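Structure first, then comments.
The values are calculated or read from the model by the stated rules, or taken from the named source; none is laboratory data. Quick caveat, the model's predicted, so the values are computed rather than measured. Virtual Cβ from ideal backbone geometry, glycine too; neighbours counted across all protein chains shown.
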Amino acid sequence: MSLWMSLLNNVAVSVFGSVLAASFCDALDRRKNRIIFWICIALIPIAQGIIYYVWEDGFLRQIYPLLVHVPLILLLCGLTGKLLWPFFSVMAAYLCCQLRRWLALLTVEILGGGALMLDAVELLITLPLLFGLLHFMTPAVRYISCYSRKMQCQFGVIPVLYYVFDYLTRVYTDLLSSGAPVVVEFMPFICCGAYLVFLLYNFTKGQEENRMREIQKSLDMQVAQSMREITALRESQNLASRYRHDLRHHLQYLYACLENHQIQKAEDYISDICNELEQQKVIQYCENEAANLILSSFAGRAEAEGIVMKVEGGMKAKAVISDADLCVLLSNALENAIHACREVQKEGKEARIEVQIYEKQQQVFLQIKNSCAGAPIFENGVPVSKKKGHGIGTRSICAIVERYGGVYTFSLEKEYFVLRLNLSEKNVDSVHFTAV
């Protein structure tokens, strides 16, 4: 009875670990995979029984990795097409088998009993524990498989260390049962080391998140400021429209002044009206209102600072890019261009900005050329600045273009710095963000 219970328990733990490992890999998502998996799993107990019958239990334990774990890893690699993750999944499943073993030992310790009782309890808790792990732990483990290999290795280091420790101290030697302090204290040492690494990792991660929050806050401020500028320019445009609408009243007033020979008063009135209209002027570069307002605003700033700005526009009224993203994109690019032109003016040279923006086949193309004093520093094709607070606008441009599935290039052509980019609507993500 004890022999058959032990054999049945060995089969149960083999199925327990195999199903758990396959679930961690998401290898049973297709019917074909499930058939192949269960055929292979059925062959393993048969092979175990033959080896147990011909040789003995001790030999079976020693070759267990070659008989079960290695074939299982190869099987999962074939079913999933992955190389590293099936290995970590098998190691993690092996570690979870320890839960089953320890819960049974605790039960026997409380209720009493021998080896037969231990095997029986392990069999009883196999299915409830398996279903619990599949329901609660499998989604979390599968989620890690989507991360980089570095993250996967961080997940797998503890299961691998436990696997090696268990076989070296319990199966191939009796170091653990001998009570050698260095062996007994090894797993507590691993737990302590893992805890310290966890603290360092979370500290670094926290610093990175704080930096990202600062960048996001800065970008949010940029968006808010740009949207306020758009609102102000839109109000100015409406005011100019009202002035044009009220032209009849202005003409009536001027006619009255001329009729009463108040020439100077009429001239002053005309001058005032012209100045007000000039201040509220929004140049029509293209059909898109947001682009017009932003380009007009920066054209006015450039003119006020003595910078020659030439704009060629061809965007549709409804662009493939949202007004908020377009605002951030153009504002940051033109702000950088004006800043570079100021440095050129300090050297007594003429500063120029040339803007080309148009839309074709659901894609937006933008090119901005501006005078540049000195060669900028590039890292991975992106200009960087060592000054504190600088470079956020460039990262914002890159983030928006990448989110729309577009491409961007920064280059230096003679004395001009050139930004070129294109983006399309079909590749935009569903989640809206502006930070890198």
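Observations on the model:
- From 70, 13, residue being assigned by TED's automatic domain parsing to the domain that holds residue 174 and in contact with an Asp or Glu (Cβ under 9 Å, 6 or more places away or on another chain): 13
- Residue count for segment 293-331, restricted to those that are of a type outside the set (Lys, Arg), in a helix (DSSP H, G or I) and surrounded by fewer than 21 Cβ atoms within 10 Å (Cβ to Cβ): 7.
- Restricted to helices (runs of 4 or more DSSP H) entirely inside segment 4-81, those with at least 1 residues that are at pLDDT 90 or above, of a type outside the set (Phe, Trp, Tyr) and surrounded by fewer than 18 Cβ atoms within 10 Å (Cβ to Cβ) are 31-54, 70-80.
- Cross-chain or 6+ apart pairs with Cβ under 9 Å, segment 401-418 first and at positive phi, then at pLDDT below 90 and buried (at least 17 other Cβ atoms within 10 Å of the Cβ): 405/423; 405/428
- The single condition among (1) outside any loop (DSSP other than H, G, I, E, B); (2) without any contact (Cβ under 8 Å) to a residue 24 or more places away in the chain; (3) not assigned by TED's automatic domain parsing to the domain that holds residue 423 that residue 261 does not satisfy is (1).
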